[in-house]
1. Of everything in the stretch 8-36, what is polar (S, T, N, Q), out of contact with any Asp or Glu (no Cβ under 8 Å at 6 or more places or on another chain) and not in a helix (DSSP H, G or I)? Give them in sequence order.
2. Checking THR5 against (1) of a type in the set (S, T, N, Q); (2) in a strand (DSSP E or B); (3) surrounded by 12 or more Cβ atoms within 10 Å (Cβ to Cβ), only one condition comes out false. Which one?
3. Please work out if ARG62 is exposed (fewer than 10 other Cβ atoms within 10 Å of the Cβ) and not small (Gly, Ala, Ser).
4. Count, please, the residues in the stretch 46-72 that happen to be hydroxyl-bearing (Ser, Thr, Tyr) and free of Cβ contacts under 8 Å to residues at least 12 places away in the same chain.
5. May I ask you to verify whether THR57 is of a type outside the set (Lys, Arg) and either in contact with a strand residue (DSSP E or B) (Cβ under 8 Å, 6 or more places away or on another chain) or closer than 13 Å to GLU9 by Cβ (or both)?
6. For the stretch 37-51, does any single residue satisfy the condition of being surrounded by fewer than 13 Cβ atoms within 10 Å (Cβ to Cβ), in contact with a helix residue (DSSP H, G or I) (Cβ under 8 Å, 6 or more places away or on another chain) and assigned to a helix (DSSP H, G or I)?
7. In the stretch 15-36, which residues are exposed (fewer than 13 other Cβ atoms within 10 Å of the Cβ) and closer than 19 Å to GLN2 by Cα?
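Bear in mind that the values in this text are calculations on the coordinates, not laboratory data. Remember, predicted model here, so these are calculated numbers, not experimental data. Backbone-built Cβ (ideal geometry, glycine too); neighbour counts: all protein chains shown.
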Amino acid sequence: MQTLTDRVEDLLTTNAGQWVNARDIASVGGFAGWRTRVSDLRRQRGWTIENRWRTFTDHGRRYRVSEYRLVK
């Protein structure tokens, strides 16, 4: 059986080297625990996963989005 951490791992490896929106990670890793799953991949599996904040404007409103990237 695939764990939620495994699902986050699949998403990040499929998109290795590309920025993945935190909402997409939450949709596969669980809304309440996706940050823990990213942390587990870093600590338990030794992965290098970068994080950045990106700000954009849509219809006059500013949004701030968190994104993660698995470093190849």
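1. Quick first cut of the stretch 8-36, residues polar (S, T, N, Q) only: 13-15, 18, 21, 27, 36.
Imposing the further condition that a residue be out of contact with any Asp or Glu (no Cβ under 8 Å at 6 or more places or on another chain) reduces the set to 13-15, 18, 27, 36.
Passing the criteria: ASN15, GLN18.
2. (2)
3. On the way: exposed (fewer than 10 other Cβ atoms within 10 Å of the Cβ): yes; not small (Gly, Ala, Ser): yes.
Yes: the conditions hold for ARG62.
4. Initially, the stretch 46-72 is screened for residues hydroxyl-bearing (Ser, Thr, Tyr), giving 48, 55, 57, 63, 66, 68.
When the remaining residues are screened for being free of Cβ contacts under 8 Å to residues at least 12 places away in the same chain, the result is 55, 57, 63.
Residues in the stretch 46-72 being hydroxyl-bearing (Ser, Thr, Tyr) and free of Cβ contacts under 8 Å to residues at least 12 places away in the same chain: 3 in total.
5. Numbers: of a type outside the set (Lys, Arg): yes; either in contact with a strand residue (DSSP E or B) (Cβ under 8 Å, 6 or more places away or on another chain) or closer than 13 Å to GLU9 by Cβ (or both): yes.
So THR57 passes the test.
6. Within the stretch 37-51, one or more residues are surrounded by fewer than 13 Cβ atoms within 10 Å (Cβ to Cβ), in contact with a helix residue (DSSP H, G or I) (Cβ under 8 Å, 6 or more places away or on another chain) and assigned to a helix (DSSP H, G or I).
7. Scanning the stretch 15-36 gives PHE31, ALA32.
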